[in-house]
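Participant: Take a look at the following structure, please.
The values are calculated or read from the model by the stated rules, or taken from the named source; none is laboratory data. Computed from a prediction, not measured in an experiment: that's the story for all the values here. Here the Cβ positions follow ideal geometry from the backbone for every residue, glycine too, while neighbour counts run over all protein chains shown. Areas reflect the complete protein model, heavy atoms only, side chains present, ligands, DNA and RNA absent. Shrake-Rupley method; radii C 1.70, N 1.55, O 1.52, S 1.80 Å.
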Amino acid sequence: MKIKSIVFDKLEICGLTSLDLDLIRIWKNNNSQYFFKKNTISSNDQIKWFKKYSDTANDFMFIIKFENKK
């Protein structure tokens, strides 16, 4: 089971969900120089990656919100 969220005052640490896919794909593509794989990720590639990630029990990714903004 993936982690849902942890809240600290105005800070929330949320487990990655399918609702975050477009956002993290855009972040990755806009900052590809900081990643090992520098290729542009398509929406379809991101969906395939998320399926594999979702099926891996010991892999965790998070989105951090401050004052309810990602």
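Participant: Would you point out the residue of the stretch 21-70, among those that are more than 26 Å from Val7 (Cβ to Cβ) and acidic (Asp, Glu), that is modelled with the highest pLDDT?
Facilitator: Taking the candidates together, the pick is Asp45.
Participant: Go through the stretch 13-39 and give me each residue that's under 23 Å from Asn58 (Cβ atoms) and either among the hydrophobic types (A, V, I, L, M, F, W, C) or in a strand (DSSP E or B) (or both).
Facilitator: Listed by number, the residues that qualify are Ile13, Cys14, Gly15, Leu16, Leu19, Leu21, Ile24, Phe35, Phe36.
Participant: State which residue is farthest from Lys48 (Cα to Cα) when the search covers only the stretch 1-16 and only residues that are of a type in the set (Val, Ile, Thr) and touching a residue at least 40 places away in the same chain (Cβ under 8 Å).
Facilitator: Taking the candidates together, the pick is Ile13.
Participant: What tally of residues in the stretch 24-66 results from selecting those that are of a type in the set (D, E, K, R) and open to solvent by 100 Å² or more (accessible area, probe 1.4 Å)?
Facilitator: Within the stretch 24-66, residues that are of a type in the set (D, E, K, R) and open to solvent by 100 Å² or more (accessible area, probe 1.4 Å) number 6.
Participant: Where the second residue is among the hydrophobic types (A, V, I, L, M, F, W, C) and modelled with pLDDT of 90 or more and the first is within 11 Å of Leu21 (Cβ to Cβ) and assigned to a helix (DSSP H, G or I) and lies in the stretch 46-70, which pairs have Cβ atoms under 6 Å and are six or more apart or on separate chains?
Facilitator: Listed pairs, sorted by first residue: Gln46/Leu21; Phe50/Leu21.
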